[in-house]
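One structure below.
The values are calculated or read from the model by the stated rules, or taken from the named source; none is laboratory data. Computed from a predicted model, the values in this text were never measured in an experiment. Using ideal geometry, Cβ is built from the backbone for each residue, glycine included, and neighbour counts are taken over all protein chains shown.
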Amino acid sequence: MADTQPVSRPLSPHLQIYRRTMTMMMSIAHRISGAALYIGTLILAWWLLSVAAGPNAYSLFESFISWWVGKLLLFVFTWALMHHMLGGIRHFIWDMGKGFSLGFANFMAWMTLVGGFVLTIFVWWIGYSMMGAM
Amino acid sequence: MSDMRTPYSRVHGLGSARSGSGHFILQRVTAVENVFLAIFLIASVVALTGSDYETVRAYLANPLVVILMLALIISGILHMRAGMQVIIEDYVTGESAKFLSLIGNTFFSFLVGLACVFAALKIGFGA
């Protein structure tokens, strides 16, 4: 197993040498929000399993999700979902071969950032105002 | 066995794994589905905010809701597995660490997915 030793080659310049741009930051945020949703599926699984298991299991889930830590996690999950969805729509536009001009790409990046927060707050606002309506 | 060739020269010209387009298409198709299904999930959770157990259970037992929930789970799990695969391939450099991470990704995705599918079906069939 005397394999060839990897030759130590210089690495290409990385993150630290580039000027921060909006499209770069939103690309990173897309990945981070995606990874957050990956972990967040555990909340969805817990919710469904607790409903399937019965009232006792559900009240445990309910007490967790109405605790401030649970609420915070659910809020972050909502934001990640909204941000990732808008980022995905941005990618559809690019996949269609459109929206590559610098100005429009930056505009979409800003809309992803702002829209993610606006939609999150909007969803929570509706949630609170519909409390117990069903 | 000693091999004078560099790792690059050993794989040069062998071509790709021929699975890139399939991965890309799976990622995009599930993404389109997820836009609609995520809106369904959010609308459901918002509508159920503050509801008691019986109401939540009755809502989730509706056949249409069960079907949409199953679609969301399957589409979501395939999408997140494909996405995490790319993240692992980008950042995990050691061969064995990469291999284990990729297997772990598949295990985690399918376990969470199957748990959700089981729960959604159990609620749906009223067992």
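For the range B:93-115, what are the residues that are within 12 Å of chain A (Cβ to nearest Cβ) and over 18 Å from A:A36 (Cα atoms)?
B:T93, B:G94, B:E95, B:L114, B:A115 - these are the residues of the range B:93-115 that are within 12 Å of chain A (Cβ to nearest Cβ) and over 18 Å from A:A36 (Cα atoms).
For the subset of the range A:33-45 comprising residues that are buried (at least 19 other Cβ atoms within 10 Å of the Cβ) and more than 7 Å from every other protein chain (Cβ to nearest Cβ), which member is farthest from B:M69 (Cα to Cα)? Reasoning before the result, please.
Filtering the range A:33-45 for residues buried (at least 19 other Cβ atoms within 10 Å of the Cβ) gives A:33-34, A:37-38, A:40-41, A:44-45.
Now narrow it down to the ones that are more than 7 Å from every other protein chain (Cβ to nearest Cβ): A:33, A:40.
Details: A:S33: 21, A:G40: 16 Å.
It comes out as A:S33.
If B:F107 satisfies all but one of (1) surrounded by 15 or more Cβ atoms within 10 Å (Cβ to Cβ); (2) under 24 Å from B:S21 (Cα atoms), what's the number of the condition it fails?
In the conditions (1) surrounded by 15 or more Cβ atoms within 10 Å (Cβ to Cβ); (2) under 24 Å from B:S21 (Cα atoms), B:F107 misses (1) alone.
Name the helices (runs of 4 or more DSSP H) wholly inside the range B:9-92 in which the number of residues that are facing chain A (nearest Cβ under 9 Å) and more than 21 Å from the chain's Cα centre (by Cα) is 3 or more. Walk me through it before giving the result.
On the way: elements: B:20-48, B:53-61, B:63-91.
Counting at least 3 such residues, we get B:20-48, B:53-61.
Please work out which one of (1) modelled with pLDDT of 95 or more; (2) farther than 18 Å from B:A31 by Cα is the condition B:A71 fails and give its number.
Evaluating B:A71 over (1) modelled with pLDDT of 95 or more; (2) farther than 18 Å from B:A31 by Cα leaves (2) as the failure.
Please enumerate the residues belonging to the range B:93-127 that are of a type in the set (S, T, Y) and not in a helix (DSSP H, G or I).
Residues of the range B:93-127 that are of a type in the set (S, T, Y), as a first pass: B:93, B:96, B:101, B:106, B:109.
Once the filter is applied, which keeps residues that are of a type in the set (S, T, Y) and not in a helix (DSSP H, G or I), the range B:93-127 yields only B:T93.
Of the residues that make up the range A:48-59, is at least one surrounded by 14 or more Cβ atoms within 10 Å (Cβ to Cβ) and out of contact with any helix residue (DSSP H, G or I) (no Cβ under 6 Å at 6 or more places or on another chain)?
yes
Looking at the range A:66-83, which of its residues are without any contact (Cβ under 8 Å) to a residue 12 or more places away in the chain and within 11 Å of another protein chain (Cβ to nearest Cβ)? Spell out the reasoning first.
Just the residues of the range A:66-83 that are without any contact (Cβ under 8 Å) to a residue 12 or more places away in the chain, to begin with: A:66-72.
The one that is without any contact (Cβ under 8 Å) to a residue 12 or more places away in the chain and within 11 Å of another protein chain (Cβ to nearest Cβ): A:S66.
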